[in-house]
Amino acid sequence: MYSPPSYYIQVPRQTPNKRFRRVALITGLLALLLIKLMFTLSQDRPHHAPFETPASDLIVHGEPVKFLPVPQYPLAPFPESPMHSLLDEQKPPSPWLVTVISPATDAARRMLIRSTWMHLYRDVPFDARFVISNPGPQWMENIRIENRTFGDMIVLDHIPEDDVTANTIKTIELYKWLIARGHHYEFVSKMDTDLWFNARGFWERYLTPLLRDDDAGRPRALVERTIIGELYFSKRHDLVFPHGAMYTATWDMVELLSKLQDEHNVITGEDMAVAMLMLRGREVANMINFKGTEKFDYDDGDSRGDGTAWARRRTHPNATQHAIAGQDALAVHQLKDEKLFLKVADCFDERGVRQAPTSGPEREPPFRVRWWDLMMRFKLVTTWSSRFDMIPDSLWKMDNGSWICDDIWRLGRSRTGYLEEQSI
């Protein structure tokens, strides 16, 4: 009988029983962790009292923010920015301003946006402008040259270019800038640079039904005190507000928010500031809500895996994040990567969303996608839920036939607040 040499170390084999116990132990620990997580998420803290603002713990780069930083350079005046480019001179005045909030240093992303959706939908009646703060002496000349070339920049030279300012007061300061200079629009849209915008779809689906020519032939809004966007509940901040990636305000909302900021000087996240100001001013606004198929965060793991941005067959088209599904997409967010931005752009043409090609064999989704699919099947997680679904029932009340959310957002006869449900 063969016996191994003495220099071999014999390792006892693991019995199936031991392996089973180890797997069972790990599975049990994961189950306990999952139960703990679900229990934690289910514990709702008391909601703020009516028209009282919750605590705002704004964090920028890991640091709490309560005050605006002192400018680190002189805020030199910038030459008056034209509100039209050479290409706009033959166009009639537009009722719609589209603004993209941009850092002064991100010239490459501005060129990408100019050459994609701004160019693709150039015949749609909107004025497109990039909004930057005072670029400082290092970037001032570059911005002057860029604006002389394209004429599509608004420079808020009274506020510095820094992360805190950009994430707090920049949008409200844009509103004040427009009012002070008499640049009146029926609708003003604000959006981020990492968003693909189907301007034609938004114009035809949302703004055209909300505009009517007056006796002088000028288009006028049929709605007042209205925001069009995606209603979002932040559990951490105990607040409901239009998600900041993209929303549109009527002109009277622009004026109201500017006035409230002068009165209350709110320093918080720029999208949360809208709700904070409305609460402090005890004001109510109309809200026209996006569907999950219209505005969402792009998730490449939800795509077919064929190199396109089209969604897989088992997508969740109303979820907070997914790939391009159907013909509804208007605002596709979280496209910081240029390759993803261009991949999404390929799903659109000058008419809006292209017809998706017939789906062939699909790549197996990443493990995280398959995991969340499994958890959703057993209703254990809310990963594929919409932002609207995450708003607690306790924040809703009925008032004179209209649903009101968090005392400040009036959505009409239906909670969802979709345009086709509005009485206009």
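The values are calculated or read from the model by the stated rules, or taken from the named source; none is laboratory data. Model, not experiment: these values are computed from the prediction. With ideal geometry, Cβ positions are generated from the backbone for all residues, glycine too; neighbour counts draw on all protein chains shown. Quick note on the areas: whole protein, heavy atoms, side chains included, nothing else; ligands and nucleic acids left out. Shrake-Rupley method; radii C 1.70, N 1.55, O 1.52, S 1.80 Å.
Which whole-number percent of Cα pairs in region 131-176 have a distance greater than 14 Å? Mind dumping the intermediate values first?
Values: 489 of 1035 pairs.
Cα-Cα pairs of region 131-176 separated by over 14 Å account for 47 percent.
Averaging over all projection directions, find the projected area of the Cα convex hull of region 69-178 and quote it in nm² with one decimal place. Don't skip to the answer; put the middle values down first.
Numbers: hull surface 27.4 nm².
Averaging across all directions leaves 6.9 nm² for the Cα convex hull.
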Using a 10 Å cut-off on Cβ atoms, rank the peptides 368-379, 195-206, 339-350 from the highest mean neighbour count down. 195-206, 339-350, 368-379
If I model a spin label as a point 7 Å beyond the Cα along the Cα-Cβ vector, how far apart are those points for MET390 and ARG354 in nm? 3.1
Calculate, in whole percent, how much of the Cα-Cα pair population of region 383-424 lies beyond 13 Å. 54
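I need the peptides 123-131, 142-150 ranked by packing, meaning the mean over residues of other C-beta atoms within 10 angstrom, with the highest value on top.
Details: 123-131: 20.4, 142-150: 16.1.
Answer by packing, highest mean first, reads 123-131, 142-150.
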In Å², nearest 10: area of SER115 left accessible to a 1.4 Å probe: 80
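So for ILE179, ILE159, what's the accessible-area order with a 1.4 Å probe, most first? Don't jump to the answer; show the numbers that get you there.
Details: ILE179 65, ILE159 10 Å².
Largest to smallest exposure gives the sequence ILE179, ILE159.
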For region 202-333, how big is Rg over Rh, using alpha carbon atoms and the Kirkwood form of Rh? 1.05
Under a straight-distance cross-link criterion of Cα-Cα below 14 Å, which aspartates and glutamates are reachable from LYS235, leaving out those fewer than 8 residues away in the same chain? ASP44, ASP57, ASP389, ASP393, ASP406
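Ranked from highest to lowest mean number of other Cβ atoms within 10 Å per residue, what is the order of the peptides 266-276, 291-301?
Numbers: 266-276: 23.0, 291-301: 21.2.
Most protected by this proxy first, the peptides run 266-276, 291-301.
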Measure of exposure for ARG314: accessible area at 1.4 Å probe, Å² rounded to 10, is 140
Amide hydrogen neighbours beyond the local backbone of VAL98, cut-off 5 Å, H modeled: ASP127, ALA128, ARG129, SER189
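Quick one: pull the percent of accessible area on region 88-182 belonging to carbon and sulfur, 1.4 Å probe, ligands and nucleic acids left out.
On the way: 2000 of 3660 Å².
Using a 1.4 Å probe with all protein chains present, region 88-182 comes out at 54 percent carbon and sulfur.
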The alpha-carbon center of region 275-331 and that of region 359-424 are separated, in whole Å, by 10
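Only Cα pairs under 8 Å and at least 6 apart count here; give the relative contact order of region 228-323 as a rounded whole percent. Let's see the in-between values first.
Numbers: 114 pairs, mean separation 23.0, N = 96.
It comes to 24 percent, rounded to a whole number.
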Tell me, what is the percent relative contact order of region 278-424, built from C-alpha pairs under 8 Å that lie six or more residues apart? 28
For a 18 Å ceiling on Cα separation, which of these pairs sit above it: LYS170/LYS336; LYS190/LYS295; LYS295/LYS336; LYS170/LYS190; LYS190/LYS397? LYS170/LYS336; LYS190/LYS397
